[in-house]
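The values are calculated or read from the model by the stated rules, or taken from the named source; none is laboratory data. Keep in mind that this is a model prediction, so the values were computed, not measured. Here the Cβ positions follow ideal geometry from the backbone for every residue, glycine too, while neighbour counts run over all protein chains shown. All accessible areas refer to the heavy atoms of the entire protein, side chains included, with ligands and DNA or RNA removed. Shrake-Rupley method; radii C 1.70, N 1.55, O 1.52, S 1.80 Å.
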Amino acid sequence: KIDRRIAQLTVNKKGVDENGQKFLEVTFSEVDRDGNIIGASREFTLLGHTFFVDCWVAQFDDRYVEQADNLRSASIFTFKRIYGDEMKPADGFPLDDFSKPVGVYAKTEASEFAQQIWADFGNVCNDLNRQSELGIRAVNGQANYLPPKEGQTYQITIRSSGGPSLVPLKDKDSL
């Protein structure tokens, strides 16, 4: 039942352009366990006033989590895309690219195991035998979203035995 911080999303601007189109200007940053930014932050302009962070999640059988299995001790997660509520998901901006694993995604046994799942995601989702072979109890896509506040930073975490969560970080002034 441990939450791991994996990314932050800051809403830099929330507005309406001269054509009446609602928009959000956001910054997406991957972070380490201490909240330090890993790699380059990316900025996006999304259409609408609600953002969606779309991902794929694989959750493993409890026995693997309880036994601290090297590859299956925690749910794994990949960011697919980010988009606004006035955009089609397919028109969203891609986030993770496992074809070029670098930094936190550098080639490791764990990243190669995850790649097996992501590379064949559609089949893994629909094949109970394959899920059993991999030790998976649930595998699916998930989009977290909320109507954000301008200037707010949101933290995206994943629980060892569950899926991702999206929560606002406390303002520095309220600490």
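Taking the criterion of being surrounded by fewer than 16 Cβ atoms within 10 Å (Cβ to Cβ) and not in a loop (DSSP other than H, G, I, E, B), the residues of region 73-90 that qualify are P89, A90.
Every condition in (1) under 21 Å from K88 (Cα atoms); (2) of a type in the set (K, R); (3) free of Cβ contacts under 8 Å to residues at least 60 places away in the same chain holds for K22 except the one numbered (3).
Per the conditions (1) without any contact (Cβ under 8 Å) to a residue 12 or more places away in the chain; (2) open to solvent by less than 50 Å² (accessible area, probe 1.4 Å), the sole criterion not satisfied by A68 is (2). Scanning region 99-125 for residues that are farther than 14 Å from I136 by Cβ, open to solvent by 70 Å² or more (accessible area, probe 1.4 Å) and at pLDDT 75 or above returns E112, A119. Restricting to region 15-64, name every residue that is surrounded by 14 or more Cβ atoms within 10 Å (Cβ to Cβ) and over 15 Å from I82 (Cβ atoms). Answer for region 15-64, where residues must be surrounded by 14 or more Cβ atoms within 10 Å (Cβ to Cβ) and over 15 Å from I82 (Cβ atoms): K22, V31, I38, V57, A58, Q59, F60, D61, Y64.
For every residue, the table says whether it meets (1) over 21 Å from A138 (Cβ atoms); (2) β-branched (V, I, T); (3) touching a Phe, Trp or Tyr at 6+ places or on another chain (Cβ under 6 Å).
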{"residue": "L9", "(1), (2), (3)": "yes, no, yes"}
{"residue": "N12", "(1), (2), (3)": "yes, no, no"}
{"residue": "E18", "(1), (2), (3)": "yes, no, no"}
{"residue": "T27", "(1), (2), (3)": "yes, yes, no"}
{"residue": "E30", "(1), (2), (3)": "yes, no, no"}
{"residue": "V65", "(1), (2), (3)": "no, yes, no"}
{"residue": "A68", "(1), (2), (3)": "no, no, no"}
{"residue": "T78", "(1), (2), (3)": "no, yes, yes"}
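Number of residues in region 131-171 that are in contact with a strand residue (DSSP E or B) (Cβ under 8 Å, 6 or more places away or on another chain) and outside any loop (DSSP other than H, G, I, E, B): the value is 25.
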